[in-house]
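The structure appears right after this line, and notes come after that.
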Amino acid sequence: MGSLTAKINSMIDSIINSSPIGIFDSGIGGLTVVREILKKLPRENLIYLGDTARVPYGTKSSKTVITYSQSNAGFLISKGIKLLVVACNTASAVALPSLRWDFEIPIIGVIEPGARKAVRATKTGKVGVIGTPSTIKSNAYKKAMESIAPEIKVYSKACPLFVPLAEEGWTDGEIAELTVKKYLGHFKESAMDVLILGCTHYPLLKPMIQKVMGEDITLVDSAEETALEIKGVLEENAISNKNSSIPQREFYLTDVSETFISIAGRFLGEEIQQVEQIDL
Ligand code: DGL
């Protein structure tokens, strides 16, 4: 009887461990988080949902972003995921508490990992944060950093034009440089030594931001930090995938435009083979 129970328990564990990780974003930006997950956790099965019909979230009210996030999470949870990643800074900034209240599975956002890394990295105690207008207005990064280091000084700036620049592929050259200088030029007068890229699209502009801000500024990429956090949570809960079969990747969008495949390839670093359109 004891050995039957042990066998059943181990079968249940193996089903949970090989269940996919669910990831959602307002659109395709969350693919920068998927890219880092693929690097750090290549054996995991993944389901990605991009809410491309309702993007952008960054200029919408908190109430709307919370409603959209709940429907995205509900869709992924109906697919039997073991862990939910909110791979959107705006949704993480405003909807995480309500998602954690509504759903019981582990939920990881992109704000806390980035905030922790920035606090660890700063020597001057002065940190910059850039993101969408909603993320900046929420002060989510500031609050997360102050909860770890109350004396930290935070400089924030919304950079809405970075999103279309990244999607258009204009991440180097004159227009990108002028835009980055216009938004971030004044930061150079502060003594900040760390800048958080608090939007899923901004890792594509990383080389240009580094060029404008100079090599002495440490750029914190929340996509990278989130992938490390996921790894930690899977290990802590003993739910990493040990199965050696080829990992499954599923991509769902609420609207599939003609340009999606080429733009998505740039964000993910490889071509997406198949996408399914769904209604939420
Ligand atoms: N994914 C969003 C974020 O990280 C950027 C795009 C949007 O505004 O929806 O905040």
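The values are calculated or read from the model by the stated rules, or taken from the named source; none is laboratory data. Quantities reported herein were computed from a predicted structural model and do not represent experimental measurements. Glycine gets a Cβ as well: all are built from the backbone with ideal geometry, and neighbour counts include every protein chain shown. Keep in mind that these areas ignore ligands, DNA and RNA; they rest on the heavy atoms of the full protein, side chains included. Shrake-Rupley method; radii C 1.70, N 1.55, O 1.52, S 1.80 Å.
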Name the single residue, out of those in region 17-71 being β-branched (Val, Ile, Thr) and part of a strand (DSSP E or B), that is nearest to the ligand (Cβ to nearest atom). Ile23
Taking into account only those residues within region 45-68 that are small (Gly, Ala, Ser) and within 12 Å of Thr254 (Cβ to Cβ), which is least open to solvent (accessible area, probe 1.4 Å)? Gly50
From Gly125, Gly185, Gly173, which residue is modelled with pLDDT of 95 or more, farther than 24 Å from Cys88 by Cα and small (Gly, Ala, Ser)? Gly125
Of the residues that make up region 234-257, is at least one closer than 12 Å to Ile108 by Cβ, among the polar types (S, T, N, Q) and out of contact with any strand residue (DSSP E or B) (no Cβ under 6 Å at 6 or more places or on another chain)? yes
Residues that are closer than 30 Å to Lys79 by Cβ and of a type in the set (A, V, I, L, M): does region 159-173 have at least one? yes
Take Lys123 and tell me if it is surrounded by fewer than 21 Cβ atoms within 10 Å (Cβ to Cβ), of a type in the set (Lys, Arg) and in contact with a Gly (Cβ under 8 Å, 6 or more places away or on another chain). no
Could you list all residues from region 100-120 that are of a type outside the set (Lys, Arg), farther than 18 Å from Pro20 by Cα and surrounded by fewer than 22 Cβ atoms within 10 Å (Cβ to Cβ)? Trp101, Asp102, Glu112, Val119
Which of the numbered conditions does Val129 fail, given that it passes all the others? Conditions: (1) farther than 13 Å from Ala115 by Cβ; (2) surrounded by 19 or more Cβ atoms within 10 Å (Cβ to Cβ). (1)
Within the bounds of region 236-249, is there any residue that is under 26 Å from Thr90 (Cβ atoms) and within 16 Å of the ligand (Cβ to nearest atom)? no
Only one of these is on the phi > 0 side of the Ramachandran plot and in contact (Cβ under 8 Å) with a residue 40 or more places away in the chain: Gly198, Gly214, Gly269. Name it. Gly269
